[in-house]
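The values are calculated or read from the model by the stated rules, or taken from the named source; none is laboratory data. Everything quoted here is computed from the prediction, not taken from an experiment. Cβ coordinates were reconstructed from backbone atoms using ideal geometry, including for glycine residues, and neighbour counts include every protein chain displayed. Just the protein is used for accessible areas: all its heavy atoms, side chains included, with ligands, DNA and RNA removed. Shrake-Rupley method; radii C 1.70, N 1.55, O 1.52, S 1.80 Å.
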Amino acid sequence: PLPSSPLQDIRNTVGNIPMEWYQDFPHIGYDLEGKKIYKPIRNKDELDLFLEKMENPDYWRTVQDKMTGADIKLTDEQVDLVHRLQKGQFGDVNFNPYEPAVDFFTHEVMIHPVTNRPADKRSFIPSLIEKEKVSKLVHAIKMGWIKPRKPKDDTPTYYDLWAHEDPNSILGRHKMHVPAPKMKLPGHEESYNPPPEYLLSEEEKLAWEQQEPAERKLNFVPQQYRCLRAVPAYSRFIHERFERCLDLYLCPRQRKMRVNVDPEDLIPKLPKPRDLQPFPTTQALIYRGHTSLVRCLSVSPGGQWLVSGSDDGTVRFWEVCTARCMKTLPVGGVVKSVAWNPNPTVCLVAVCVEQSVLLVNPCLGDKLLYGATDQVLESYVAPEEERVQPVQWVTATLEEHSKGIRLVVQHSKAVKQVTWHGKGDYFASVVSDNSNMQVLIHQTSKRWSQNPFRKSKGLVQCVLFHPIRPYFFVATQRYVRVYNLLKQELTKKLMTNCKWVSSMAIHPGGDNIICGSYDSKLAWFDLDLSTRPYQLLRHHKKALRSVAFHKHYPLFASGSDDGTVIVCHGMVYNDLLQNPLLVPVKVLKGHVTTLDLGVLDVLFHPTQPWVFSSGADGTVRLYT
């Protein structure tokens, strides 16, 4: 029914359409007369809604009609309906869902049938079609085309889950499963009436109580009862069951696959030492004469003469083949280093004594040779202006000249090493000092010295000239720095991985160096390969004092405080892709350890595969 006044009738006639279409319009649809129904003046914002919620008691039953935009207050019946629908009940109050069902079709018995058609003839005559089908089936059974059904076997079938699996594949966890170990079965000590030897005495009981639970042999005390009825409940039952459960599910049991490795395969395949001959094997000569430790050795470029310096304040010159001492030169101090000039046309030996380097002409061998050496030294003409030098070059006095000393290079501090350049004109000296004056390079022909380094890079242990290229090696305690003398710059810094470097030697090819250290390691560096050692050899038991390369044979040797010299075969191949082959071939013994010092210097003969070693026992030994 239509409402009585037209004011109240704002029924929207737009039909069932989405009301969003009217979003941007001021009206929301049309009433029955076709006039626009306008939206309320303004939309309520959050604040208005909040105020209304607080002040309007009917706010909870007010809903907005989307069709008209007006707020409608629900009546009590409508609110009830909403409540019922929310609870999942029927909308109609009076509807009873549990009324008994009425069977409309048969609850009243009719006197007339529903239909009154007479029965068909086919309903009481046997069917011809069925007869034909049956005869066909009978024929098929006779011919054996249709087999009777087998009776069903009701026994359940089980099948092997893993039957069709490759037995060799280690598949899944069932192969790796290790059953939990069984619990130990109770023995005599767990009996309620154990033999007397299983019962604990008082002392044993006290000792058992003082032990840690993990250390006890038994985790209970055996007890004796007169009969089985008198045995109480086991107090540790739950505890033991619980521990067993922990064992079962917390102890990882896994089958470890053992790799069968032949131990022979782990050892590197090294050639046999006898295939690597020649190398020194036996002690041939002992050069006796020094009364204190022999610190240093050097051999003449021809290999005929040997020079040794000792703590007894003398330098001795020996003939190599006969071990005869040709000359003894007292120098009045401990000799730290000797170096024979490598130039075969010059007969000159540099000797470090305390704060000076003596240049000695030993006057051995060819008279023309050492005569020419003296002439070269005497033909020096001093420059017009005096140059400032870190050292002083002093010509020897007549008395010193008669001993063989030709020049004295006086340093400010004690000198500990001297080494010649391969051409034989320059030599370098190392001073025991902390400043930048540790390393000095001297030129004999011009009697001129210079300090190549502006600042100190640590305690210098030893220095070396490269045999072929203009490189200079400086070994500090932990590093070996390689400097280019032409460009005057640092080329490489080698990390020795040692605590304290004692000595170094360079391969005659110039691409490999070895460093000995006081923590009994020998580091072989391949300069083209890396700045870290190619190999660290730990053959010696004690500190290494000296290392040396042979000029022609692929041999290097190291001398140590354990009194041995170890000779190794160190083959460097011309093929750059092939790594050097390092094989220790011989341990040479002979030196007696004195004052915890063993072999102090090792040196190879320039042409023969012989090695010289000097020791703290005051002897020099030749191994051939």
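Taking (1) within 27 Å of L297 (Cβ to Cβ); (2) surrounded by fewer than 19 Cβ atoms within 10 Å (Cβ to Cβ) in turn, V415 satisfies each apart from (2).
One line per residue, one yes/no per condition, for (1) without any contact (Cβ under 8 Å) to a residue 40 or more places away in the chain; (2) open to solvent by 20 Å² or more (accessible area, probe 1.4 Å):
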position	(1), (2)
R478	yes, yes
V482	no, no
D511	no, yes
S517	yes, no
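As a summary of the residue check, K446 satisfies the conditions (1) closer than 25 Å to P342 by Cα; (2) outside any loop (DSSP other than H, G, I, E, B); (3) of a type outside the set (G, A, S) except for the one numbered (2).
The one condition from (1) assigned to a strand (DSSP E or B); (2) in contact with a Pro (Cβ under 9 Å, 6 or more places away or on another chain); (3) surrounded by fewer than 22 Cβ atoms within 10 Å (Cβ to Cβ); (4) not hydroxyl-bearing (S, T, Y) that M437 does not meet is (1).
Figure legend. Inter-residue proximity from the stretch 364-385: first residues under 19 Å from E319 (Cα atoms) and of a type outside the set (D, E), second residues part of a helix (DSSP H, G or I) and open to solvent by 40 Å² or more (accessible area, probe 1.4 Å), beta-carbon distance below 8 Å, spacing 6+ or different chains. Indicated pairs: L364/Y370.
Considered as a group, the residues in the stretch 519-557 that are small (G, A, S) and buried (at least 19 other Cβ atoms within 10 Å of the Cβ) include one that is farthest from D601 (Cα to Cα), and that residue is A523.
To keep it simple, each residue is scored yes or no on (1) within 30 Å of L582 (Cα to Cα); (2) of a type in the set (D, E, K, R); (3) in contact (Cβ under 8 Å) with a residue 60 or more places away in the chain; (4) surrounded by 12 or more Cβ atoms within 10 Å (Cβ to Cβ).
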{"residue": "P186", "(1), (2), (3), (4)": "no, no, no, no"}
{"residue": "P194", "(1), (2), (3), (4)": "no, no, no, yes"}
{"residue": "E240", "(1), (2), (3), (4)": "no, yes, no, yes"}
{"residue": "L266", "(1), (2), (3), (4)": "yes, no, no, no"}
{"residue": "K269", "(1), (2), (3), (4)": "yes, yes, no, no"}
{"residue": "T282", "(1), (2), (3), (4)": "yes, no, yes, no"}
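I need the full set of residues from the stretch 77-126 which are of a type in the set (S, T, N, Q), assigned to a loop (DSSP other than H, G, I, E, B) and surrounded by 10 or more Cβ atoms within 10 Å (Cβ to Cβ), in order please.
Within the stretch 77-126, the first condition is being of a type in the set (S, T, N, Q), and the residues that meet it are 78, 86, 89, 94, 96, 106, 115-116, 123.
Among the residues that remain, those that are also assigned to a loop (DSSP other than H, G, I, E, B) are: 89, 94, 96, 106, 115-116, 123.
Q89, the sole residue that qualifies.
So for the stretch 458-468 (the condition being in a loop (DSSP other than H, G, I, E, B) and at pLDDT 90 or above), does at least one residue qualify? Yes; the residues of the stretch 458-468 include at least one that is in a loop (DSSP other than H, G, I, E, B) and at pLDDT 90 or above.
Would you mind stating whether V592 is surrounded by fewer than 24 Cβ atoms within 10 Å (Cβ to Cβ) and under 23 Å from K272 (Cβ atoms)?
On the way: surrounded by fewer than 24 Cβ atoms within 10 Å (Cβ to Cβ): yes; under 23 Å from K272 (Cβ atoms): no.
No: the conditions fail for V592.
Restricted to the stretch 271-280, and to residues there that are part of a loop (DSSP other than H, G, I, E, B) and surrounded by fewer than 19 Cβ atoms within 10 Å (Cβ to Cβ), the residue that is nearest to the chain's Cα centre (by Cα) is P271.
A quick yes/no check of all residues on (1) closer than 30 Å to F317 by Cα; (2) at pLDDT 85 or above; (3) open to solvent by 90 Å² or more (accessible area, probe 1.4 Å):
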| position | (1), (2), (3) |
| --- | --- |
| V221 | no, yes, no |
| R226 | no, yes, yes |
| L250 | no, no, yes |
| M257 | no, no, yes |
| I286 | yes, yes, no |
| T291 | yes, yes, yes |
| P301 | yes, yes, no |
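Restricting the search to strands (runs of 3 or more DSSP E) fully inside the stretch 316-398 and requiring at least 2 residues that are on the phi < 0 side of the Ramachandran plot and open to solvent by 10 Å² or more (accessible area, probe 1.4 Å) gives 324-330, 335-340, 356-360, 392-395.
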